[in-house]
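Here's the structure, in C-alpha cells; my notes come after.
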Amino acid sequence: MGAWSGEPFGNDVAADWAWDLEEADDWTLVRTALEDAITPDAVDERTAVIALAAAEVVAHGLGRPTQDDAYTGELSAFVSRASAPSDEIVALAIAAVERASDPDGDLALTWEECGNEAWLEAVHLLARALDA
C-alpha cells in the first residue's frame with residue numbers, strides 16, 4: 001500500500017477508490033465498501049483501507065469530516081448529489097471502522113510495522129466523528 005499519511009484518504013488504494021465516487025449519485029458504492037468490511041471473514045488490507053475511506057465519506061455526509069484536503073475534494077460534490085447518509089449507513093460505517101482497525105487485522109499489522117501512531121490517531125478521530 002503506497003501511503004503518505006495515516007488519514008483515510010492518505011494512500012493509493014483509497015485515492016483510487018474515490019474515483020468511483022465521481023459518477024455515483026447515491027450511497028450504494030459506500031454501502032458496499034462498508035458491508036465488505038463487516039463480513040464474518042477476515043478483512044484483508046485493501047478491504048479495510050477502502051472501508052475507512054468509505055467511512056470518511058460518511059463523516060463528510062454528516063458534516064464532520066476528519067480529512068479535508070486535495071485528496072477529499074470530490075467528497076463534497078458526492079455528498080451534494082447523494083444527500084445525507086441514512087442512520088443505517090452511519091451504523092455500518094461505525095461497525096466497519098471498528099472491524100477495519102482491528103488490532104489483529106492485516107491493516108493494523110501493516111501500520112504497526114511502519115509506525116502506527118498517526119494511523120491510530122486518524123482511526124480514533126474518524127470513529128469519534130461518526131459516533132458524535
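Evaluate the Debye formula for the stretch 12-130 with equal point scatterers sitting on the alpha carbons, no solvent, and hand back log10 of I(q)/I(0) at q = 0.14, 0.17, 0.23 Å⁻¹, in q order, two decimals.
The Cα Debye sum returns log10 ratios of -0.51, -0.76, -1.41.
Angle check, please: helix 28-37 long axis (alpha carbons) against the longest principal axis of the chain (alpha carbons), in degrees 0 to 90, nearest 10.
20
If you place +1 on the Cβ of every Lys and Arg and -1 on the Cβ of every Asp and Glu, how big does the dipole about the Cα centre of the chain come out, in debye to the nearest 20?
400
Tabulate in residue order the Karplus-calculated ³J(HN,Hα) for the stretch 16-26, using 6.51 cos²θ - 1.76 cosθ + 1.60 with θ = phi - 60°, rounded to whole Hz; enter x for Gly and Pro.
5, 4, 4, 4, 5, 5, 4, 10, 7, 10, 8
Would you calculate, for the chain, the mean residue ellipticity at 222 nm contributed by helices, counting each DSSP H stretch of 4 or more residues as -39,500 (n - 2.57) and dividing by all residues, to the nearest 500?
Rounded to the nearest 500, it is -18500 deg cm²/dmol.
Cα centroids of the stretch 79-98 and the stretch 1-54: how far apart, whole angstrom?
13
Long-range amide H contacts for N11: which residues qualify at under 5 Å (H placed 1.01 Å from N, peptide plane, sequence gap of 5 or more or a different chain)?
W4
Pick out, from V123, L62, L107, the residue whose Cα sits farthest towards the positive end of the charge dipole of the stretch 12-130, with +1 on the Cβ of Lys and Arg and -1 on the Cβ of Asp and Glu.
Towards the positive end, the residue furthest out is L62.
Quick note: the coordinates plus some simple rules give every number you see, no bench work behind them. Since the structure is predicted, the reported quantities are computational estimates derived from the model, not experimental observations. Neighbour counts are summed over all protein chains in view; Cβ atoms, including those assigned to glycine, are modelled from backbone coordinates with ideal geometry.
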